[in-house]
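The values are calculated or read from the model by the stated rules, or taken from the named source; none is laboratory data. Model, not experiment: these values are computed from the prediction. Cβ placement follows ideal geometry from the backbone for every residue including glycine, while neighbour counts extend to all protein chains displayed.
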Amino acid sequence: MTPHKASRDNAYDVLVIGAGAAGSATAWQLASRGHRVCLLERFEPGHRRGSSHGRSRLLRLTYPDPLYVGMAAEALRMWHRFESETGAGLITRVGAVDGGGADRLDRAAAALTAEGAAFERLTEAEAAVRWPQLRLPGDVLFHPDASRVDPDATLPALQRQAERFGCDIRHSTPVTALEIDADRARAHTPSGTFTAPVAVVTVGPWTSRLLDHVVKLPALTVTQEQVFHLPPRDPSAVWPAFSFQAEDGAIVYGMPTADEGVKVAEHLGGHEVTPDGRDGVVDADARRRVLDFAAERLPGVEPVVSSETTCLYTNTADEDFLLDRVGPLVIGTACSGHGFKFTPLLGRMLADLAVGEADPNPRFRLGIPAM
Ligand SMILES: Cc1cc2nc3c(=O)[nH]c(=O)nc-3n(C[C@H](O)[C@H](O)[C@H](O)COP(=O)(O)OP(=O)(O)OC[C@H]3O[C@@H](n4cnc5c(N)ncnc54)[C@H](O)[C@@H]3O)c2cc1C
């Protein structure tokens, strides 16, 4: 494949705006199909201001919704293919234990069965014998193929592959305004205007900010979430990932990491922020809640925090993604704190929308007609 690289007049087949997980995967997919692609990213490589940084995300199939189970199964196959094509170390099988919310577990078990995915249902006593480092009340589901994926390795791997197929990647190039007409998108940046018949917008927490005057969006809230790492009492213990839903609906999840101990975090425990106004300061109440959870439910960790960080969720009301096309615009937002596992599949779905090879899935439409 001959690299396309920079176009003299900044005109491409497709612009991809935002080089987080979704945008990097979309650029890789489009470039590998032979399209002339420009990937525009506001910040420098490896920045920590969005949603796709850090060393660990959990890929599990245990959704109560068959749509996401099927998507996660396909994404898992794509992760393995991408890893073997690139030789990058991206994915580690750890298995995952899900507890709490009996109805949620029943529905997840039904969806896993329909998908043909392996899982076991264990009683509380059986689980306590197999994983003495966990103390989860009630039955649990164990899903052995659940895996940890590494964002800090994934984004460079996707971008290297995209470049190999000729993608022009411009870091530190913020799109300050986006204009669309019937058949063209124009992205204005401090280093010039970039044009293409279609632009894929994958700016995560900045979606409302960039698109507010371009297309009518459903309500999106951005929350600053916190992640904690706790040292295991026995460094040789083999940990599964875990997720537990309390009776009040609150979810705490975690997983073994490569070198940061056991990650423990609340799902949707953060407060609302703006992506440029967020302070990046870890919430002391969230730290206390996570340490209380560890003291009660994780006998295998020291109840102290060895490292902590913040990250942004972009949330829709129903936690579904937005993957839609409006004229020359494709909008791709992997929302609500569960998008990373789908990265290669999201790239494929957004690339299909960009080149007209698929119609939007009604579940992921904006739900509001274009302005
Ligand atoms: C703490 C935490 C834990 C998570 N855990 C999991 C998990 O275990 N499993 C899972 O599946 N998912 C998880 N997620 C969710 C997952 O990480 C996100 O769904 C995913 O990273 C979103 O990627 P994105 O590309 O949509 O957004 P982002 O990564 O935020 O990328 C958007 C990019 O657009 C760029 N940008 C913004 N504005 C502009 C502009 N005007 N011009 C050019 N570029 C622009 C930004 O700089 C950024 O690089 C977690 C998220 C967080 C925060």
Consider the stretch 173-216. How many of its residues are assigned to a loop (DSSP other than H, G, I, E, B), near the ligand (Cβ under 9 Å from one of its atoms) and not hydroxyl-bearing (Ser, Thr, Tyr)? 3
Applying the selection to the stretch 142-172, what residues are within 12 Å of the ligand (Cβ to nearest atom), over 15 Å from GLY347 (Cβ atoms) and not in a helix (DSSP H, G or I)? ALA146, SER147, ARG148, ASP150, ARG170, HIS171, SER172
Being away from the ligand (no atom under 15 Å from the Cβ), part of a loop (DSSP other than H, G, I, E, B) and modelled with pLDDT of 95 or more is the filter; apply it to the stretch 280-304 and report the residue that is nearest to the chain's Cα centre (by Cα). LEU298
For the stretch 305-337, name all the residues that are on the phi > 0 side of the Ramachandran plot, touching a residue at least 24 places away in the same chain (Cβ under 8 Å) and within 16 Å of the ligand (Cβ to nearest atom). SER336, GLY337
Looking only at the stretch 331-348, count every residue that is among the β-branched types (Val, Ile, Thr) and closer than 19 Å to MET78 by Cα and tell me the total. 1
Pairs, please: C-beta under 6 Å, at least 6 apart or cross-chain, first residue more than 13 Å from ALA19 (Cα to Cα) and in a helix (DSSP H, G or I) and in the stretch 338-359, second within 14 Å of the ligand (Cβ to nearest atom) and hydroxyl-bearing (Ser, Thr, Tyr)? LEU350/THR26; ALA351/THR26
Residues of the stretch 12-32 being part of a helix (DSSP H, G or I) and more than 6 Å from the ligand (Cβ to nearest atom), which ones? SER24, ALA25, THR26, ALA27, TRP28, GLN29, LEU30, ALA31, SER32
Please go through the stretch 67-104 and give me each residue that is outside any helix (DSSP H, G or I), of a type in the set (A, V, I, L, M) and in contact with a strand residue (DSSP E or B) (Cβ under 9 Å, 6 or more places away or on another chain), ordered by number. LEU90, ILE91, VAL94, ALA96, VAL97
Quick check on LEU61: is it of a type in the set (A, V, I, L, M, F, W, C) and in contact with a Phe, Trp or Tyr (Cβ under 9 Å, 6 or more places away or on another chain)? yes
Subset of the stretch 80-118 [more than 18 Å from the chain's Cα centre (by Cα), of a type in the set (D, E, K, R) and surrounded by fewer than 21 Cβ atoms within 10 Å (Cβ to Cβ)]: ARG81, GLU85, ASP103, ARG104, ASP106, ARG107, GLU115
Consider only pairs whose beta carbons are under 6 Å apart and that are at least six residues apart or on different chains; among these, list those whose first residue lies in the stretch 207-226 and is touching a residue at least 24 places away in the same chain (Cβ under 8 Å) and under 17 Å from GLY270 (Cβ atoms) and whose second residue is more than 13 Å from the ligand (Cβ to nearest atom) and part of a strand (DSSP E or B). THR221/GLU272; THR223/GLU272
Out of the residues in the stretch 220-253 meeting the condition of being within 12 Å of the ligand (Cβ to nearest atom) and polar (S, T, N, Q), tell me which one is farthest from ASP285 (Cα to Cα). SER243
I want to confirm something. Restricting to the stretch 325-337 and keeping residues that are surrounded by fewer than 24 Cβ atoms within 10 Å (Cβ to Cβ) and part of a strand (DSSP E or B), which single residue is farthest from the chain's Cα centre (by Cα)? VAL326
Residues of the stretch 36-46 that turn out to be in a loop (DSSP other than H, G, I, E, B) and within 6 Å of the ligand (Cβ to nearest atom), as a count: 3
Would you point out the residue of the stretch 254-277, among those that are within 11 Å of the ligand (Cβ to nearest atom) and either among the aromatic types (Phe, Trp, Tyr) or part of a loop (DSSP other than H, G, I, E, B) (or both), that is farthest from the chain's Cα centre (by Cα)? ASP276
Check GLY101 against each of (1) more than 22 Å from MET255 (Cα to Cα); (2) modelled with pLDDT under 95 and name the one condition it does not meet. (1)
Can you confirm whether the stretch 339-351 contains a residue that is more than 16 Å from the ligand (Cβ to nearest atom), in contact with a strand residue (DSSP E or B) (Cβ under 9 Å, 6 or more places away or on another chain) and among the aliphatic types (A, V, I, L, M)? no
Of the conditions (1) more than 9 Å from the ligand (Cβ to nearest atom); (2) closer than 21 Å to THR173 by Cα; (3) under 21 Å from the mean Cα position of the chain (by Cα), TYR63 fails just one. Which one is it? (2)
ASP234 fails exactly one of the following numbered conditions: (1) in contact with a strand residue (DSSP E or B) (Cβ under 8 Å, 6 or more places away or on another chain); (2) within 29 Å of GLY89 (Cβ to Cβ). What is the number of that condition? (1)
